[in-house]
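First comes the structure, then the notes that go with it.
Bear in mind these aren't lab numbers, they're just calculated from the coordinates by the rules spelled out. Because the structure is a prediction, the values reported are computed rather than measured. Note that each Cβ is placed from the backbone with ideal geometry, even for glycine, and that neighbours are counted across all protein chains shown.
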Amino acid sequence: MDLFKPINSYYDFENIKMVPEGELITRNLSDMDWMYQDQEAVKELLKKDPQIYRYYNVDIPEEEGHLQHCISIINPGKVGNEYNMTKGHFHEIKGTAEIYYTIQGEGMLFMQSVTDGEPEFEALEMKKGSLSYVPPHWAHRTINTGEEPLAFIGIYPGEAGHVYGDIEEKGFMKLLIEKDGEPTIIDNPNYK
Ligand code: S6P
Ligand code: ZN
């Protein structure tokens, strides 16, 4: 048996990154431009194509028994009046859960499930110290509503895998926009 050796990773608060970096994945606006409601704002922002978020995956075998873990960082900002967010996904093995532990910033965790016909939606607050549970069968997306980066640790089963197609095509049933200076959840008129 190949014995996997214990390893440490660190969050570098000063440089807002994980050390060692592991696998770094960056998502710019152009990677998810159709997901935002205000396409005029998208068009304008695409001239600079800002980075919306990035995540650092620790290199762990994608196998049952292991625990994948990563640090995600969503930059502060908005596209029109909609806050910066991740694309969102289901786990490929839908019966796998995830834990998010917020280490910096503030935001929201959107979850939706369509397991028994009727779509269901839930949202949880994220702030430094919040420990959020994403149960099996819930798609999840994170959103930065603050002025600083939103950074959180994600821990999930090694075999979970990720599926983006469903959310890419149908979207999330709710959006998080700034209204009268406050984060406000509204229905997504484009949800299919
Ligand atoms: C993985 C976990 C996170 C996300 C990351 C980026 O299961 O939920 O590491 O991958 O926050 O979001 P997304 O939706 O682009 O994978
Ligand atoms: Zn996940």
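Using each residue's phi in the range 28-33, evaluate 6.51 cos²θ - 1.76 cosθ + 1.60 at θ = phi - 60° and report the 3J(HN,Hα) Karplus result to the nearest Hz, with x for Gly and Pro.
8, 3, 5, 7, 8, 4
With a ≥ b ≥ c the root eigenvalues of the C-alpha gyration tensor of the range 100-163, is it rounded (a/c under 1.5), prolate (a/b larger than b/c) or oblate? Don't skip to the answer; put the middle values down first.
Details: a/c = 2.52, a/b = 1.53, b/c = 1.65.
Oblate is the answer for the range 100-163, as a/c is 1.5 or above yet b/c matches or exceeds a/b.
Listed highest first by mean packing, meaning other Cβ atoms within 10 Å per residue, what order do 80-91, 97-108, 171-182 come in?
On the way: 80-91: 20.7, 97-108: 19.1, 171-182: 15.5.
With the highest mean Cβ count within 10 Å placed first, the list reads 80-91, 97-108, 171-182.
For a test of understanding, tell me how many lysine pairs in the chain have Cα atoms under 18 Å apart, given they are 8 or more places apart or on different chains.
So the count of such lysine pairs works out to 14.
From the phi of every residue in the range 69-80, what ³J(HN,Hα) in whole Hz does the Karplus formula 6.51 cos²θ - 1.76 cosθ + 1.60 yield, where θ is phi - 60° and glycine or proline is x?
My calculation for the range 69-80 gives 8, 7, 10, 9, 9, 9, 5, x, x, 9, 10, x Hz in order.
May I ask what percent, to the nearest 5, of DSSP beta bridges between residues of the range 15-165 are antiparallel? It would help to have the intermediate numbers written out before the result.
Values: 48 of 48 bridges.
Rounded to the nearest five, the antiparallel share is 100 percent.
Mind listing the phi-derived Karplus ³J(HN,Hα) values for the range 179-185, rounded to whole Hz, using 6.51, -1.76 and 1.60 with θ = phi - 60°, and x for any glycine or proline?
After applying 6.51 cos²θ - 1.76 cosθ + 1.60, I find 9, 6, x, 10, x, 9, 8 Hz.
Per-residue ellipticity at 222 nm for the chain, helices alone: DSSP H runs ≥ 4 residues times -39500 (n - 2.57), over residue total, nearest 500 deg cm²/dmol?
On the way: 2 runs with 13 residues, N = 192.
Computed mean residue ellipticity for the chain: -1500 deg cm²/dmol.
How high is the FRET efficiency from A41 to H162, r the C-beta distance, R0 41 Å, rounded to 0.05?
0.90
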